[in-house]
1. Any chance you could count how many residues in the stretch 576-624 are touching an Asp or Glu at 6+ places or on another chain (Cβ under 7 Å) and within 16 Å of the ligand (Cβ to nearest atom)?
2. Residue check: is GLY526 at pLDDT 80 or above and within 9 Å of the ligand (Cβ to nearest atom)?
3. Hey, could you check the stretch 87-112 for residues that are at pLDDT below 95 and surrounded by fewer than 24 Cβ atoms within 10 Å (Cβ to Cβ) and say which is nearest to the chain's Cα centre (by Cα)?
4. Just to verify a result, which residue in the stretch 474-517, among those that are of a type outside the set (A, V, I, L, M, F, W, C) and within 7 Å of the ligand (Cβ to nearest atom), is modelled with the lowest pLDDT?
5. Only one of LYS156, LYS132 is farther than 28 Å from ARG659 by Cβ, touching a Gly at 6+ places or on another chain (Cβ under 6 Å) and surrounded by fewer than 24 Cβ atoms within 10 Å (Cβ to Cβ). Can you tell me which?
Amino acid sequence: MNQKKGPTKITCAIIALSCLFAYLSCNTGSSSYNHTTWSQYGGGPDQSKYFDAAEITRQNVSKLQVAWSYSTEDNIPYMFQPIVADTTMYVYGKNSSIIALSIVTGKEIWIHTNLQGLSRRGLNYWESKNGKDKRLVFTLNNSLQEIDAITGKSIKKFGDSGYVDMRAGLERDPTSIRRMQAMTPGVIYNDLIILGSAPGEGYFSPPGYIRAYNIVTGKLEWTFHTLPQPGEFGYDTWPKDAYKYVGGVNVWSEMSVDESRGIVFLPLGSPTYDYYGADRLGSNLFGNSLVALDARTGKRIWHYQTVHHDIWDYDLSAAPQLLTVNRDGKKIDAVAIATKHGFVFVFNRENGEPVFPIEEKPFPASEMPGEMAWPTQPVPSLPSFTRHEVTKETLNPFFPDSIKQKWFKRLDSAKSGLYVPPSDKYETIMMPGALGGANYGNTACDPKNGIMYILTQEYASIYKLNKVVPPKIDLSENDLNKVKIFYTANCQSCHGDKLQGLVGPSLVNIGQRVFYDEFKNIVQNGRGRMPGLIHVDEQTLSSLFRYMGGIPRSFNFPGRRGDNKKATGPIVDSGGARIKPDASKGTPMSEYPEGVSHPENRYTTDYGTEWMGLAAPPWSSILAYDLNNGTIKWRMPIGEDSAYVKGDKSKGAPAGALRKGMVITSTGVVFATAKGGKLYAFDADTGKILWETTLSNEVQGQPTMYTYKGKQYLVVNASANFSPDSYNHSIKPGAMKKGYVVYALPEKK
Ligand code: HEC
């Protein structure tokens, strides 16, 4: 406000009135965010995936056609969600490049190439109040970086010569942290980028503190200890030393911001280790909690724990949805969260009061040594959107008889049901399992009308705990002698006679911490002050790796390596900010700290996701949850579910909602992607399919919407390979190349 004189009575009245209007609009709208742009991951800070535009309607949606497309020109899948600012769209493709495209023609404006290790699911756009400073904000491996949105060049004034090391400030030696970057890009509030992390899910992973950095300077503005330190709220829900060795409790997925209130909502993950918690007895705040923080300061406002002492890997992961619900004529600005195990929790956004009742119900105790499953768990009164057990009666009916018989046997000795604790005596079949229910990208809403949309998949996981035993060196005596001689001659001077580390870091059990391909690369090409040994043969390398506790196996990580052809086009920069190498490299924590009492044994299980379509289909659905009255308004199976496909029931392949997404329009159309290259448009009121198409390549990542001069566009990322259990539409005549496909209505003649 331009006010030269002191305030008069009239201006005071105007201020009071405008405050009143602001207050009123707060209570009718959901957040100050206006849903007409898609400049952040998830659409905007509220992650609603809701878009306000008039052109595409229920009546004309079936006329959508491809307006333009952009080929990623790579063989690797991208889960990337494009974002749009002004007339530019930012996508990922071409040998890990960020590419700026014209939103009208799809023409390349600039390319910043060689960004191997970019947060694969997306990035965010920020601009200064005067609109002159425009930046793309993203993480690259373990650093936070920025690119000038206009020129495409790295911003070197940001942080430390262009980057911020996110490994610092986690109560661990930063150089001992191998990975903590999340694949989702965080959320922007004013001049802050609020970031989660993915520090690993094994024993002794670093803690997943939430941090906010200044977008202009890179300065760390606040940290929220998701694992409370001594003296902090929640510390007494853990053993006294747990904060020294427990990790996780991170947001690897999506946070939502209520801009008008300045609140950030965190869906927090499980503490480590995910499936055996004898070294973390207690309810374990803020594990699996929805936490509301003051976005300016990082101070906690309220929290709600959805799973106490989690031993099932039921991370909260899908973005909390901010919507206004109408309960008995009263409007409540609510926040709703959908979980991996099929529950919806709804709270008053400001004070955390449940909008629908939640009851603590008793569940079975654990039989594992030292473990104490929490005696009760919160169960919302709202209907669950998934099944919770697999029985003989609900087994996949498309299994051939021989397989059915095997499963009947297995089910006889296994336990299945909600919150059955994992055991080393029998298999535990969780329904849904670690990949089930609502995962990242799987929630959206109509913020004003109280409707939440959920993509869900009902995959089971089968767990069985095994005692962790020290790795056996799997080498013959002859090979062991040979490798010891080789090690003494070539490595010992720097890594010590017992692998304990001297000039170089400890190599004790390095085989369990790095992948074999990376190990080979280090030994052959050197790293930092370590010289390379080009002429080591494969046999020696593999013996060395076994000697260091590993099992040589090759993994091919898409998107991590520059294994694609070079990008061509208007390249303006390459590689992001240059990161200074660490002089020393600490060893990742692999034991309890000195003097800490802890359980005798550690146990682990694998994720147990090998039998994903164990129960009868449908394995994946979209549903509209009416949070005004707490009912599921409609529900539709989605995806190419081979068991449903005529004439080919043999495969029994599950359809997946994982890595799929939605766009909700103000005209009542719900767009959703699903396995098999599917894109659907549903009627938001009835769930009726208004339009359906199949893309030439598998769809991945979240779709995006934007307008240009009133024309409305839908962008779908179709850059992935079809899995072997889908039809391969990419070999059909006239199939499109992998890439981003943009739909619009035909031009009016
Ligand atoms: C001249 C000293 C030197 C020699 C000789 C040497 N290294 Fe290293 N090594 C280092 C240093 C220093 C590092 C840390 C490099 C960095 O990350 O900056 C390192 C790192 C490593 C790493 C990565 C460790 C981690 O935690 O990521 C491995 C694996 C490794 N060395 C294996 C070997 C093997 C096997 C040999 C013998 C064939 C060997 N090194 C010989 C100095 C040496």
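1. Count: 1.
2. Criteria met by GLY526.
3. Out of the qualifying residues, it is ASN95.
4. So the first thing to find is which residues in the stretch 474-517 are of a type outside the set (A, V, I, L, M, F, W, C), and the list is 474, 476-479, 481-482, 484, 487-488, 490, 492-493, 495-498, 500-501, 504-506, 509, 511-513, 516-517.
This time we only want the ones that are within 7 Å of the ligand (Cβ to nearest atom), so: 487, 490, 493, 495, 504-505, 513.
Values: TYR487: 95, ASN490: 93, SER493: 91, HIS495: 90, GLY504: 83, PRO505: 84, ARG513: 77.
Within the stretch 474-517, the match that is modelled with the lowest pLDDT is ARG513.
5. LYS156 is the lone residue from the list that is farther than 28 Å from ARG659 by Cβ, touching a Gly at 6+ places or on another chain (Cβ under 6 Å) and surrounded by fewer than 24 Cβ atoms within 10 Å (Cβ to Cβ).
Conditions (1) among the basic types (Lys, Arg); (2) assigned to a loop (DSSP other than H, G, I, E, B), marked per residue:
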| position | (1), (2) |
| --- | --- |
| ILE56 | no, yes |
| TYR70 | no, no |
| GLU73 | no, yes |
| TYR92 | no, no |
| ILE111 | no, no |
| LYS129 | yes, yes |
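Matching residues to (1) under 23 Å from the mean Cα position of the chain (by Cα); (2) at pLDDT below 95; (3) surrounded by 24 or more Cβ atoms within 10 Å (Cβ to Cβ); (4) not in a strand (DSSP E or B):
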residue: ALA672; (1), (2), (3), (4): yes, no, yes, no
residue: GLY676; (1), (2), (3), (4): yes, yes, yes, yes
residue: LEU679; (1), (2), (3), (4): yes, no, no, no
residue: TRP691; (1), (2), (3), (4): no, no, no, no
residue: MET705; (1), (2), (3), (4): yes, no, yes, no
residue: SER726; (1), (2), (3), (4): no, yes, no, yes
residue: SER730; (1), (2), (3), (4): no, yes, no, yes
residue: GLY734; (1), (2), (3), (4): no, yes, no, yes
residue: LYS749; (1), (2), (3), (4): no, yes, no, yes
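One line per residue, one yes/no per condition, for (1) farther than 30 Å from ASP294 by Cβ; (2) without any contact (Cβ under 8 Å) to a residue 24 or more places away in the chain; (3) hydrophobic (A, V, I, L, M, F, W, C):
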site	(1), (2), (3)
GLU353	no, yes, no
PRO369	yes, no, no
SER413	yes, yes, no
VAL420	yes, no, yes
TYR426	yes, no, no
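The values are calculated or read from the model by the stated rules, or taken from the named source; none is laboratory data. Being a predicted model, the structure only gives us computed values, none of them experimental. Here the Cβ is made from the backbone with ideal geometry for all residues, glycine too, and neighbour counts use every protein chain on show.
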